[in-house]
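Computed from the coordinates by the stated procedures, all read-outs in this text should not be read as laboratory data. What you see is a predicted model; the values in this text were computed from it and never measured. Here Cβ is always computed from backbone atoms with ideal geometry, including for glycine, and neighbour counts include all displayed protein chains.
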Amino acid sequence: MKLIILDDYDKASEWAAKYIRNRILHFNPGPGRFFTLGLPTGGTPLGCYKKLIEYFKKGELSFKYVKTFNMDEYCVFHELVKAEISHLDMNTKDYHSFMWNNFFKHIDIRAENAHILDGNAVDLQAECDAFEEKIKAVGGIELFVGGIGPDGHIAFNEPGSSLASRTRVKTLALDTILANARFFDGDLSKVPTMALTVGVATVMDAKEVMILITGAHKAFALYKAIEEGVNHMWTVSAFQQHPQTLFVCDEDATLELRVKTVKYFKGMMQVHNKLVEPLSPMQEKQRITVEMSEKPYSD
Amino acid sequence: MPSNKSVSDAPITQFINCRILRDHRLQRDDLWVREGKILNPEKLFFDEEGFADLQVDCGDGILAPGFIDVQINGGYGVDFSQAADDISGGMALVAKKILEHGVTSFCPTLVTSPPHIYHKVRATDRVLVSVQVLPQVSVDDGGPGGAGVLGVHLEGPFISREKRGAHPERYLCSLAGGGLKDLLEVYGSLDNVAIVTLAPEIPGSLEVVRQLKERGITVSLGHSVADLSQAEQAVQHGATFITHLFNAMLPFHHRDPGIVGLLTSDQVPENRTIFYGMIADGIHTNPAALRIAHRAHPAGLVLVTDAITAMGLPPGRHTLGQQDIEIEGLHAYVAGTKTLSGSIATMDMCVRHFQQASGCSLEAALEAASLHPAQLLGISHRKGTLNYGTDADFVLLDDELSVRATYIAGHQVWRK
């Protein structure tokens, strides 16, 4: 893996956004040749989304030929009376709204290219199976961006989830429900207890995985994920077995790591920063050769 | 073009680079319109996989709901209360001109008049409605021809003699105690009436208030010498508005607040808001009085122009009906005197003056001219906001709240 350590949340968000931008530009998407991107929700990726929107507005990046696949979605309406939660801020109770307000509405992505699991589906497992088929149909995911929970989970693959799992319905852990209660008027009875999520193996299938981790409250999970063994109680640890993984974090997230680990990867930053150097503008990229294909070292 | 999953083939317009007034705040967000209504872009994206056909750049302006003027007696030489043969032409002229002030809906106001004026106007009104002075389907909606007519505001003749103001004394009426029958005798019909202003101390008025409210007509108290308890009784019977607060009523007194006391009365039924009209032209109400009212009851303030025939006319001398008027700046005097003959401020001027005088937020000033009148008339589910599914009547303003363009049903009907 590459462990990218930046000073603070903003710098980490910017690094991650630049990386995504460069990957898309280098891929050179066009009609019939889509860049497939997996996307997360939550507080951590907000800074990264803001930066990506900035690059789009500057004309440096287009999402016209990008297909996105979100990791998860709540199953809300099977369990709750809609009226009970209809007054809540849409951003927080529904990942469709989150993605629309924080990302999709600001960029030029077409709706038919944005895929999010439908927590309202009549047959939930069929919805999950169909999602897997969609990913297969587009030839797999180039870059899957994810976050990590304080309990080390990726998407809603809570502790104990099989590391071989695929997209399915999951019952949420009590920790997650408690953490989410603040978005539902602090009323535990209103918090969704089920969600649809991509499996660990679904994300492992991606060509490249980038995990964003910021904040001291995630530090222990990061330690468990990269310095201890592969363990289904900390599902992000599965990516130790993926050939192309990036962990992008801020200083606070490294607080539980060994000094040796942090020093080693900080020493690599000079090399790693080459990955986010600006590429030439889209219009001129045909004239420039990009050196990203020459990896300075292998994992 | 919307994709094949769309529920409608109608073109979609997206207004970008603007700040919209939504949820009582100015937010940087786009406004989407389809088929004359405000569209929910998130539903469009996920459910219909659609997108905009046309993008309109608003130059970083403010998009606010179109202004609603519930008290306007005429303008540009037109007097709604005069039985002119081209009353429909007159109303259409004013409706068209007030688009320049950001007004997208209004209640043409008739002051105390002899019965034959009402009947004629009523009859003409019915013809008006079906023959379309305003080239839209219903009497409510406006369009490129002018602002929409929400219904008539009948100010008088059931008002107080002492507080009649400029209303002609000989046409004032009392109530014979027959409830709506008395009104119908004078007005001829109550079709297309949105508001009736009356004085609640007139014997028999409480029953009239109750019956008008049952018919869905807004009852307003004004031109009255009622004390607070009489006013409160009228409110309990269904009155919800005060016509031009402070003017044509007893002044506030600390032992008998009169109608003004309704702003802080504890006798108002729960969940009912008392609205009050304010002529915020800096002339009819001292800014300090405006501030007192606003601070006492901000949610009820409704900006009105109470504009008279002389509104919109250039400075100088004009002959209007029987009167000679002299216009100097924002003042309209009876010619040769310093007696005010009425208000000639425009709605956008009132919004600006209200904001400056009260120091309130831009949002509050804009809502006093849009949301509050819509709430008063019980139409806030359709007008007065930029909520999804409401009529796309809105106005583009700059930061000084000057009108740059006016839109009705999503179409630009006036531009600076």
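Taking amide H as placed 1.01 Å from N in the peptide plane, the amide H of residue B:143 sits under 5 Å from that of B:148, each at least 5 places away or on another chain.
Is chain A best put as rounded, prolate or oblate by its Cα gyration tensor, with a ≥ b ≥ c the root eigenvalues, rounded for a/c under 1.5, and otherwise prolate when a/b is larger than b/c, oblate when not? Walk me through the intermediate numbers first.
On the way: a/c = 1.64, a/b = 1.24, b/c = 1.33.
Oblate.
If neighbour count is taken as other Cβ atoms inside 10 Å, put B:97, A:218, A:11 in order from fewest to most.
Taking fewest neighbouring Cβ atoms as first place, the list is A:11, B:97, A:218.
3J(HN,Hα) couplings calculated from phi for the range A:200-217 with the Karplus curve 6.51 cos²θ - 1.76 cosθ + 1.60 (θ = phi - 60°) are, in sequence order, 4, 5, 4, 6, 4, 5, 5, 5, 9, 10, 10, 10, 9, 9, 9, x, 5, 5 Hz; Gly and Pro show x. Ordering of A:179-191, B:363-375 by packing is B:363-375, A:179-191, highest average first (other Cβ atoms within 10 Å, averaged per residue).
In this structure the amide hydrogen of residue A:246, modeled in the peptide plane, comes within under 5 Å of the amide hydrogens of A:2, A:209, A:210, A:211, none closer than 5 places in sequence on its chain. Cut-off 10 angstrom, C-alpha nodes, Gaussian network model of chain B. Which of B:272, B:161, B:352 fluctuates the most? Looking only at B:272, B:161, B:352, the biggest GNM fluctuation is shown by B:272.
Charge dipole (Cα centre; +1 on Lys/Arg Cβ, -1 on Asp/Glu Cβ; no other charges) of the protein assembly as shown amounts to roughly 920 debye. What is the Cα centroid distance between the range A:1-74 and the range A:101-159, reported in whole angstrom? Here the two parts' Cα centres lie 15 Å apart. A straight chain from residue A:230 to residue A:174 at 0.36 nm per residue would run longer than the Cα-Cα distance by 17.9 nm. Partner shielding of A:99-111 amounts to 3, given as the average count of beta-carbon atoms from other chains within 10 Å of each residue beta-carbon. Counting only DSSP H runs of at least 4 residues, each contributing -39500 (n - 2.57), and dividing by the residue count of chain B, the helix-based mean residue ellipticity at 222 nm comes to -7000 deg cm²/dmol. FRET efficiency for the pair residue A:271 and residue A:28, taken as 1/(1 + (r/R0)^6) with r the Cβ-Cβ distance and R0 = 22 Å, rounds to 0.35. For chain B, modelled as a GNM whose springs connect Cα atoms under 10 angstrom apart, the maximal fluctuation among B:397, B:320, B:99 occurs at B:320. The ranking of B:317, B:291 from fewest to most other beta carbons within 10 Å of each one's beta carbon is B:317, B:291. With a Förster radius of 41 Å applied to the beta-carbon distance between residue B:324 and residue B:55, the computed FRET efficiency rounds to 0.20.
Restricting the range B:9-99 to GluC sites (Glu not before Pro) that sit in a DSSP loop and have at most 15 other Cβ atoms within 10 Å of their own Cβ leaves B:35. With neighbours defined as other Cβ atoms within 10 Å of a residue's Cβ, the residues B:191, B:266 order from fewest to most as B:266, B:191. Indicate the gyration tensor shape class of the range B:66-384 (rounded, prolate or oblate), computed on the Cα atoms with a ≥ b ≥ c the square roots of the eigenvalues: a/c under 1.5 is rounded; otherwise a/b larger than b/c is prolate and the rest oblate. Here the range B:66-384 falls in the rounded category. Toward the positive end of the charge dipole of the protein assembly as shown, with +1 on the Cβ of Lys and Arg and -1 on the Cβ of Asp and Glu, the farthest Cα among A:183, B:230, B:211 is that of A:183. Counted by Cβ distance under 12 Å from residue B:285, the other residues give a net charge of -1, where Lys and Arg count +1 and Asp and Glu count -1. With angles folded into 0 to 90 degrees, how steeply does helix B:287-296 sit against the dominant principal axis of chain B? Use alpha carbons for both and round to 10. So the inclination is approximately 70 degrees. Rounded to the nearest 500, the helix-only mean residue ellipticity at 222 nm of chain A stands at -8500 deg cm²/dmol, with each DSSP H run of n ≥ 4 adding -39,500 (n - 2.57).
Please compute, for peptide B:40-51, the average count of beta-carbon atoms on other protein chains lying within 10 Å of each residue's beta-carbon. Kindly include the intermediate steps, with their values, before the conclusion.
Details: counts 0, 3, 9, 2, 1, 9, 9, 2, 1, 5, 2, 4.
Going residue by residue through B:40-51 and averaging, the value is 4.
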